[in-house]
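Enquirer: Input: one structure, supplied below.
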């Protein structure tokens, strides 16, 4: 008869690592990308509350995430792939960089060639059911989205505790 091993409680470092991994997986980021975002904010200084909202603004305003939030893709992974394959335009220009940061006033549209694709033609009925966040505006008829504000931590609702992520990277 085997003895059941009891899991020991996670150390402080272990908890911080777990939270960081949750956020990385949630936004489909590489380790280097997340580290760069956090270091950029930590180098600025400021309070943790401000740092958390800055991090969310950086992560939520990524091109692949905006495509997902607008409902133009069913997952962040699909959004990233669609962006990489050049299916979307920003302000009428082709951009295939998932980490491209959108600013207030930027418009995201589906490439005219891609609109003929069966996946994008079946998108309109799904968009009618989708509710975009308040900082994004979606025109379903034109299949065009616009950034009209800044994302908030409350609206993004990340699954991780952001202060612990800053503690992890401030080592």
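The values are calculated or read from the model by the stated rules, or taken from the named source; none is laboratory data. As the structure is a computational prediction, the values presented were derived from the model and not from experiment. Cβ placement follows ideal geometry from the backbone for every residue including glycine, while neighbour counts extend to all protein chains displayed.
Enquirer: Determine whether the range 54-73 contains at least one residue that is exposed (fewer than 14 other Cβ atoms within 10 Å of the Cβ) and not assigned by TED's automatic domain parsing to the domain that holds residue 22. Write out each step before concluding.
Expert: Step one: filter the range 54-73 for residues exposed (fewer than 14 other Cβ atoms within 10 Å of the Cβ), giving none.
No: the range 54-73 contains no residue that is exposed (fewer than 14 other Cβ atoms within 10 Å of the Cβ) and not assigned by TED's automatic domain parsing to the domain that holds residue 22.
Enquirer: Of the conditions (1) at pLDDT 90 or above; (2) surrounded by 15 or more Cβ atoms within 10 Å (Cβ to Cβ), residue 85 satisfies every one except a single condition; which number is it?
Expert: Unmet for residue 85, out of (1) at pLDDT 90 or above; (2) surrounded by 15 or more Cβ atoms within 10 Å (Cβ to Cβ): (2).
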